[in-house]
Amino acid sequence: MFQIALYGKGGIGKSTVSANLSAALAMNGKSVLQIGCDPKHDSTRLLLGGASVPTVLDYTRNSLPGERSLEHIMFEGYCGVACIEAGGPEPGVGCAGRGILTTFEVLEKLGIKEIPFDIVLYDVLGDVVCGGFAVPLRKDYADAVFIVTSGEYMALYAANNILRGVRNFNDRVLRVAGIIHNGRGLLHEDMRVKAFAGAVGLPVVVSIPRSKDFEDAERNGSTLMEINPDSDCAEIFSGLAGYVERIADGSAKLYPACPLEDHEMESMILGRETSPGADRYYRKAGIPYESSSSASVSSCKRNLFLTKSMQHKQPLKGCSFAGAVTATSQVTDALTIVHGPRSCSHIVSHFLTSTSLSSRSRYGTPLPDKQPVLLSTDMGEKAFIFGGKAELMSSLENALMSGWKNIFVVSTCPAGLIGDDIGRIVNEMKQKYPGTRIIPVPVDGNITGDFSQGLVEGYRKVLEMVDTSVRPEDGSVNIVGEKVLSSNVGANYELISDLLGKMGLKVNCRLLSSTSADDVVHFKRGQLTLLAHGEDSGKVLQEYLENEFGTEFFGLPFPVGFRETAEWVELLAERFSAEDAAAELIGMQRKIYNHEISRIRPLLKGKRVIICSFSPNVDWLLETAFDLGMHVIKVGLAVSPETVDFRTRYVGMLSLEYDYGADNRERDIVDMAPDLVLSNYMTPTQAEGIYQDSIPMAPDVGFMSGLVMAQRWSRLFRLPFIEGWKNDGGICYDN
Ligand code: SF4
């Protein structure tokens, strides 16, 4: 079996060429199968007397796997040519490339490879050069690739793109058979096609003139080979069939794919050196511009270039889908519909539940209980090809029927890749069910960014629920940007609300942490808003809320450590005229703190400490260490985007080192012989007599943050450095 693929721009006449070539091969006594790989599914029409046949994808959609048979989708055409049409989705929805992949898988399962055809011809749309349309380029599908083109610029441009596809697939295998010039009767057309063929190093195998014979045959629903076998054009196809046979028996050669760069195409086809002003646009985008004068037209070794951002790209820390769901799933009486495959829901629910939020999501039928849940639209193969509108609509109906009043729809990568417009689908649904609150969150997985970007987008969408007519209430505060994935989020909230309560304040809305839709709606009741964390996503949220809702923010994030908390309380008390309550609160806490410090000070006084941090804030640790009379002999700031914001009130009192990596730490452990090493990540090296403890990435807030750590250190120093259980059998270390 020899397999050939005919690629070409849509509308260039490749189906006519394919059908006539199949007919010519069949007339030469070959058994031929033609597979049309164009969603238009008209490749084999001329072989079938003008009839349109059921496509593989329509058949797959409407049949069960166990009932399928090749005879339902393979039809006998002129001269015994076997005809199959892949089909595809409606224009503008789904992914036709994925459809081609499915077609090939289905045909293989149905045993197409067991039929001993002499020639299999794939007729493939060449405008789209995604992975699906490249399937026929795989070695086990196409032994030779023909490119059908006219002399028009766009047809040649598509031809060049096809060569790129061939080269990208495997540039070491000779696979290109040549160019089939299907003439349009244009001025200098022959010259242009020949110039292009010469530039890419390919032969023009045949030149088919524009002829009325083709129109007559088409009107008859037949190939020209059938109704006019003695015509000049039929002779050309007979010659082309002979060429295919020579390639199949190895007597005609195949060529490598050497596509041109875009600017080379322009100078070759349009006859001008460079696009006027193109360098200007490239410079603006930060991409190096190579003019045609500096490029070698015949070189096959052209380098791909990377933009600066691609070269220095930071790895994504989770996808924006996960970030968005982290926000929307915090609305306790809202359902988050995940528009995507089940695996995306699984990954994100695992991610949420494994970080202390248990029982956050379930699959299948949405359960309208008090817990927020995720519902996957469960996109599968069919949705990838034809679009996931039906799946999303039915999930929405299901959710609305189950009584959900607030629904978010978050899109994943597959939904984004096939271009599902969740905004439009949601609007349709809202028209059908007026008065429902359905909010689309089109983050498209990681296509639109990383976790933080998705998180902010999720917040932004949740904020669409806010009633802007609500007026602030006295003594009411909002909390924004809690780290809901931290295990201490609940404890931190309890502590902050306790402090607020002691000053006569109450929390209006936690945006977003186990928040009801009603609380979000009444967000503007908060007189003042407290930012939990001052990191990047917190700052973006603050800016958004200030601009969009005129929200008044308190100047300081949640405080960590005694001094920071005392300042925080004093400032807040000033804002709400609660100075007396604040003074009493701070006084009481100071007593507890001082008492506990004096109790453990004798154990820790004089101990030498190295602090290695990924966080810009270590003052809460330093104040405790200094209060205990410890010697902080080094503060190393690890290489991290956050440490650029390092700040300290202990300027001049510290031996500071930036870009502090594992090697620096190992060096200092040996050279400085500290008693204690504190770091966000423990070193695997155990040096005798040097204790290590971790610093939480998200420390507890409040007066006692540092003290709680100090209590741990004091216990640590009372433990034997090598515990018995570590010696596998209890060998006494001192012996
Ligand atoms: S949305 Fe994309 S990156 Fe995120 S889990 Fe799904 S496939 Fe993976």
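Some observations on this one:
- Long-range HN-HN contacts of VAL206 with modeled amide H, under 5 Å: HIS181
- In this label model, SER516 and LYS212 are separated by 8.2 nm, measuring between points 7 Å along each Cα→Cβ vector.
- Separation in nanometres of the label points that stand 7 Å from Cα toward Cβ, at SER394 and ASN28: 4.9
- FRET efficiency for LEU556 and GLU90, using Cβ-Cβ distance with R0 set to 56 Å, rounded to 0.05: 0.50
- Rounded tilt (10° steps) of 153-169 against the dominant C-alpha axis of the chain: 60
- DSSP-defined beta bridges in the chain - what % are antiparallel, rounded to 5: 5
- In order through the stretch 427-437: 3J(HN,Hα) via Karplus (6.51 cos²θ - 1.76 cosθ + 1.60), integer Hz, x for Gly, Pro: 4, 4, 5, 5, 5, 6, 10, x, x, 8, 9
- Remark: the stretch 536-548, residue by residue, has Karplus-estimated 3J(HN,Hα) of 3, 5, x, 5, 4, 5, 4, 4, 4, 5, 5, 6, 7 Hz, where x stands for each Gly or Pro and the curve is 6.51 cos²θ - 1.76 cosθ + 1.60 at θ = phi - 60°.
- Using the Cβ-Cβ distance between ASP498 and ALA673 with R0 set to 45 Å, the FRET efficiency from 1/(1 + (r/R0)^6) comes to roughly 0.60.
- For LYS194, the aspartates and glutamates whose Cα falls under 13 Å of its own Cα, not counting residues fewer than eight places away in the same chain, are GLU152.
- A straight Cα-to-Cα reach below 17 Å connects LYS212 with the aspartates and glutamates GLU226, ASP230, ASP232, GLU235, residues fewer than 8 places away in its own chain not being considered.
- Built amide H within the under 5 Å cut-off of MET379, gap 5+: GLY340, ARG342
- Length gained when the stretch ASP190-LYS430 is fully extended (0.36 nm per residue, less Cα-Cα span): 80.8 nm
- Taking the charge dipole of the stretch 385-498 about its Cα centre, with +1 at Lys and Arg Cβ atoms and -1 at Asp and Glu Cβ atoms, the residue from SER486, VAL410, GLY475 reaching farthest to the positive side is VAL410.
- Nearby aspartates and glutamates by direct alpha-carbon distance to LYS253 (threshold 15 angstrom, same-chain neighbours under 8 apart not counted): ASP143, GLU245
- Close amide H partners of TYR660, meaning residues 5 or more places away or on another chain with modelled amide H under 5 Å apart, are LEU637, ALA638, VAL639.
- Cα gyration tensor shape of the stretch 475-581, rounded if a/c is under 1.5, else prolate or oblate by comparing a/b with b/c: rounded
- Gain upon complete extension [ASP645, ARG563; 0.36 nm per residue less C-alpha separation]: 27.6 nm
- 0 to 90° range, to nearest 10: angle between helix 562-575 axis and the chain longest Cα axis: 90
- Rounded to the nearest whole Hz, the Karplus-based 3J(HN,Hα) values (6.51 cos²θ - 1.76 cosθ + 1.60, θ = phi - 60°) of the stretch 462-478 follow the sequence 4, 5, 5, 7, 5, 8, 6, 8, 5, 9, x, 10, 4, x, 10, 10, 9, with x at glycine and proline.
- As a calculated quantity, the FRET efficiency between GLU574 and PHE626 at R0 = 30 Å, using C-beta atoms, amounts to about 0.65.
- Under the simplified labelling scheme, the ILE447-MET588 pair shows an inter-label distance of 5.5 nm, with each label point 7 Å from Cα along Cα→Cβ.
- Cα-based helix-to-principal-axis angle, 232-249 vs the chain, degrees rounded to 10: 60
- In this structure, the residue pairs whose Cα-Cα separation is over 29 Å, taken from LYS40/LYS109; LYS405/LYS539; LYS389/LYS539, are LYS405/LYS539; LYS389/LYS539.
- Compared with the direct C-alpha span, the chain from SER476 to ARG219 gains 84.7 nm at full extension, assuming 0.36 nm per residue.
- Total formal charge among the other residues, if their Cβ is under 13 angstrom from that of GLU574, Lys/Arg +1 and Asp/Glu -1: -3
Every number in this text was worked out from the coordinates using simple rules, so none of it is lab data. Nothing here was measured: the structure is a model prediction, and the numbers come from that model. Quick reminder, even Gly has a Cβ in these numbers, built from the backbone with ideal geometry, and neighbours come from all protein chains shown.
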